[in-house]
Each structure stands twice: as structure tokens, then as C-alpha cells.
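Written out below as C-alpha cells is the structure these notes cover.
No lab work stands behind these numbers, since they all come straight from the coordinates. Predicted, not measured: the structure shown is a model, and the values here were computed from it. Backbone-built Cβ (ideal geometry, glycine too); neighbour counts: all protein chains shown.
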Amino acid sequence: MSIEMTKAETPGVPLLEVRDLHVEFRTREGAAKAVNGVSYSVDAGETLAVLGESGSGKSVTAQTIMGILDTPPGRVTGGQILYRGEDLLTLPEEARRRVRGDKIAMIFQDALSALNPVLTVGNQLGEMFRVHRGFSRKAAKAKAVELMDRVRIPAAKERVNDYPHQFSGGMRQRIMIAMALALEPDVIIADEPTTALDVTVQAQVMDLLAELQRDFHMGLILITHDLGVVADVADKIAVMYAGRIVENAPVHELYKRPAHPYTRGLLDSIPRLDHKGKELYAIKGLPPSLTAIPSGCAFNPRCAMAQDICRTDVPAQVDVTERDGSPLGGRSSACHFWKETIHG
Amino acid sequence: MPDALEKEAVPTAGGPATVAVVEAGPAPGRARSLWSDAWRDLRRKPTFVIPAFVIALLLVMAAFPGWFTSVSPREADLANNFLREPELTHFFSPEWLGYNQQGQSIYARMIYGTRASIVIGISVTALVLVFGSLVGMLAGYFGGWIDGLLSRVIDIFLGIPFLLGAMVVLVSFDTRTEWTVILALAFLGWTTIARVMRGSVISIKQSDYVVAARSLGAGTWRILLRHVLPNAAAPVIVVAMIALGGYITAEAVLSFLGIGLTEPAISWGGDINRAGGQIRTASFLLLYPSLLLGITILSFLMLGDAVRDALDPKLR
């Protein structure tokens, strides 16, 4: 209820903030620590890209925000998820359900499997209005056509009664986006929205998403492992490794001067034209098992710069400064040797 | 460099250039769902059309027996018709299939006996479908202790042999109407459906669209009824259709054993039972009701089979 009242933007309070989130999964091998103290925030009109490889905890964080984590085996062991300053994790289930889809919506990776095969797309788009707004069937369908027009599906009026499998991959992802946008939420979480698409279609869908985000002035959390996708649309980046954020930075700063060896490794492994003929760089080794995260810095077994301190002490998030000592706005790194990394 | 570019543009060097069609989905056309696909498949299959026609005829016979014969199945004329042989050329007349030891027309009794078999078969299936689906759906969707509890109850009921259990239940009633038999069979028969539904729901609830519906704020019942149930229904319906034939058999078997429907109810199983004693002198008493019973059961089984084939994409 208080969520309705604080509808107006409060200055100083981020739209959505994740604070020191811890999530575990019970497994046969003991607790798998999928998320170990993740903090990030996003404001209206801002795009945060969460970057990381498979198993780094980026999707689990998103699922926890949405409240669709399977519990058990999943369990939130600590932290807060603040929407306009209110902790979603302490909200009763019914209140939380009303936030889902209405205030915070999610776009899934594979639109074919995320759309119900036995219901027409119009039916599913309209469902949003029927669940949250109590629309009649007819009004909901009219809204569905409107939304399909908005995401530029040709001949929306005729296609509203088609089933998901009758659409192409790109069109399906547009429908997914339309579904998430339906109630004009404040925050959209897009979990690898373009991974399942052709490269040419990826760009179209990404552009559409960025455009809609601007028009609706939403906060967008873009979860991805594709550095190319991030560069064009994101404002800031949070890089995750083994359930922890290792670097926070505005997007161009990060590309120019990474402040964590892992980020640098990622950037170095992008194929580049001027490196033609040379062997492509790859980060050695594999991401750690979440049931046995290395002590100290989780990245130390794969890091070329690792010293003894990296094996014993967990590095804290520190604000990154310029060579002259002046702090860089919004940048932080969790590396004992960030100075050497950023300046070297 | 130019060489590399050319190779990229025309992947099949030498052969005709294949044009990659970007974003070419299935052509927009008539809406095709799993069910409409199945229907298009089925209506051209004789293994579906023939049993469907027979079943339709049986349904009409059950609903309007008077359309098929002018005599009452209870009218007994011992003076003229005691065990009279069939007149096989007198189609659809009372004497067509002969008379029984009470001088009743066998043909008329077969027509009127349809109702008991069909009503019991369909009612038991309907009850089992509703109750079994509900239990299976709740067990499958909620899991945890609810699943544990319901699954154990299912196990207990599965431990009771179907026919033997039905006998024990029915013997305790002196007069048994259709409803007694229906409830007894449904009471013991719902577990198969519940099991199939449970398994089906467990696989459906993990699919992305259920998670998506949840993330868009749909409530539990909405998810269950609109997203889970329609997707989980196909295997359950197939099992129910095949089971329908089984319930008709069960009713006939029980009536044959004398613990199904009691007089004055007319049932194929009862007539077959009474014909047993005369099998050497008047085998036609046994032959025709058995034949109709066989055709009925076979029709339902074939229908179920055809529907299963049509709904299962792996068997196409």
C-alpha cells in the first residue's frame, strides 16, 4: 500500500536498489553460494548492464528481484531489495505479486518457451490488463493490439489471434517486450533478451528496447554476457564474478580503462580487427564451483597478477581514483591491485 | 581481403547463391494450435472416423432407444416366443436376433442395454477426470508435503485391485442402481488419472511460460487454470478415453458376475450372465449382446488410440 503512496520520485532514493544480497542453493554438495553480497542500483531512465559469464549469479539476482526464485532449493540469506526505498523481500506475498509485472517486469531470454503455446498472443498480452487492471476481455484485446503496434509488429490487428509458434524469433521477442511494457513498469529486467536471436535481429530488438526505455523513462537492468550488446545501450556496467560484483563503472570508462583484471581479461578476449592473425586471448581456467569458492579473491586462481594477499584476503569494493588522486565518479573495483590494473 | 569478402557474401561458391531469409517465420495464416492440428490429422484417419461414427450411433441408441425398436425390452411372451431362433433376414424387427428364455426380444434388450453401459462409462470417466485431475494438479504444482501426502493416498488406492475392490464395495449394497456402480468405479479408478496429471503438471510447471506468468504477477489459480492445465491436459485426456472402454468392460463384468446392476435394470453384462446356462442349446443368447459389447469397447479403445497418436508429436 505504501508503494502506491510513494509513487512520486523521491530525490536521493534510487528507483531500485539491491543491497548486499546473498542467495544460496541447497545442493548435495552443500550450500552453493550463487550470490555473495551483490549491490547495485538503477534510476529512472538509466540502463545498468550486469555482465558476467554463466553461473556468475547475474540471473539469480534478477530472479530474486522478481521473486520468482525457486524456494527451496534457493534461499535468500541476507540483504535487501529496495524499490523506491521499500524492501521487497519483507513484503507479504500478495503485495509482492502486485508489484510484479506492474512496477517491475521481466523480459525472458527465449521468447518461444516463455510464451504459453496454447494461448494466442493477444490473450497473453491482454492477461496483464486482466490480472492487474481488471479489464474486460474486449478491452484487454484492444490493448493487446495497441501494444503490438507499439513494438512494430506488422498487421497487429490480424495477428493478435495467432499463436506464439506462428511468429518468427524476432517477432516473438517483440511480443515478450510488449508484455513486459504493458503496464508501463518503472523497472524492466531483461535477462539476455537477444541471446536466442539472429545477429541481425539482435540489433533491431536491442534498438527497440532502448527506444522504448527512453520513451517510457524506465530503469532498465540488462543482464548479458555479450560485451557488444552492452556498449551501445548501457549507461553503467556492473561486472559479476562468482556471485560478487568485481567492478562498477560508467560504460565508456570501463571499456577505456578496466580496473579489475577479470574485466580486462573479458575485454581482451573480444575479437578485434587490428589483431587479425594473432591468437585470441582467453582467460585461463574455469569459473569456480559455487560450492567451493576460492578463499580470498574468487578470481585469484585465474589471475595473472595474483599475489599472496589475493589468496587470503577478500578484496573490498574501493572507489577508483585517477592517477592524480581525484576520484572517478561512480567507479569502484574489488581488486587489491586495482591501481596497477587501471594504470598499467 | 576482397577474397574473404566475396566468400562471405556467397557461401556456396560455384553453386547457386542461396539467399538467407532473415526473420522468415511461419507464414501468417489460419491459427493452428496443438488441438486444431490434431483435429486436421484425425478427421482423415479411418481408425478415428469409424469408431467415432460407432460411438455416435451408440450415444443416439442410449438417448433414444425408442427410435430403434418398437417393442419394450421387458415385454415377455412365453407362449409364442420362448427361446425363438433369430430371423436374420428380418432386419431391425423384434425377432431379428431371437428371443430369450422369458420371451423377450434380444434385439430390444440390446438396444435398451446401451444406456446403462454408456451412462456408466461416461459418468465414471467424467468423475475420475475431474477428481483425479484436481488431485494430480495440486500434488504436481505445489509439491513438498502436499505432494507427499496426496501421492501416498494415490499409492494406497492403487494397491486395491480395481475389479476385486469394486466387488467388495458393491456386494455391500442390496439394490444397485447405475449410480451405485458409477460411484464404486470412480472411487477406485481416479488414481491413474491423478498420476498422469501429476507427472504432466510437474513437467509443465518448470517451463518458462509458467515462470513468466508468475513474474508478470498472475496469481496461483490463474496460473493453474490458464497456463498449466491446458498444457497438461493432452496426455490425461488420452488416458481417460482409453479408460472409458475399461469402465464399460468393468460394468459388464460386474453385471455378469451378478454384482453389477440389479433387476429390473437392463444391462448387456446381465443378459450375457443369464445366457451362460443355455450356451449349448441357444448360443445366440450369448453371441449378440457379447458382440455389441465387444464393438463398443473396441470403438472407445480405438478412438483413444487415434487421439493419442494425433496429440503426440513424437508419434507423428
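Which percent, nearest 5, of DSSP beta bridges in segment A:12-234 are antiparallel? The answer is about 55 percent antiparallel.
For the residues of B:218-229, the average number of beta carbons from a partner chain within 10 Å of their own beta carbon is 3.
What separates the Cα centres of segment A:241-274 and segment A:28-103 is a distance of 23 Å. Residues whose amide H lies under 5 Å from that of residue A:321, counting only those 5 or more places away or on a different chain, are A:328; hydrogens are built 1.01 Å from N in the peptide plane. Roughly how tilted is helix B:229-256, in degrees to the nearest 10 and between 0 and 90, from the longest Cα axis of chain B? Around 20 degrees separate the two axes. Under the combined filter of DSSP loop state and at most 14 neighbouring Cβ atoms within 10 Å, segment A:107-162 retains these trypsin sites (Lys or Arg not before Pro): A:152. Computed per residue of the protein assembly as shown from DSSP H runs no shorter than four, each worth -39500 (n - 2.57), the mean residue ellipticity at 222 nm is -15000 deg cm²/dmol. For the residues of A:161-172, the average number of beta carbons from a partner chain within 10 Å of their own beta carbon is 4. Stokes-Einstein diffusion of the protein assembly as shown at 4 °C, 1.567 mPa s viscosity, Kirkwood radius from Cα pairs, rounded to a whole number: 43 µm²/s. Counting neighbouring Cβ atoms within 10 Å and putting the fewest first, the residues A:256, A:103 line up as A:256, A:103. For segment A:295-325 versus segment B:150-223, the spacing of their alpha-carbon centroids is 58 Å. Using every pair of distinct Cα positions in segment A:12-234, the Kirkwood expression returns a hydrodynamic radius of 18.0 angstrom. Under the simplified labelling scheme, the residue B:36-residue A:252 pair shows an inter-label distance of 5.2 nm, with each label point 7 Å from Cα along Cα→Cβ. Please label the shape of chain B as rounded, prolate or oblate, based on the square roots a ≥ b ≥ c of the eigenvalues of the alpha-carbon gyration tensor (a/c under 1.5 means rounded; beyond that, a/b larger than b/c means prolate, else oblate). Taking the square roots of the gyration eigenvalues as a ≥ b ≥ c, chain B is oblate.
For a paramagnetic label modelled at 7 Å from the Cα of residue A:235 toward its Cβ, which residues of segment A:48-91 fall within the zone defined by backbone nitrogen distances under 17 Å? The answer is A:48-51, A:83-85. Each distinct pair of alpha carbons in segment A:120-188 adds a 1/r term; the inverse of their mean, the Kirkwood radius, is 11.7 Å.
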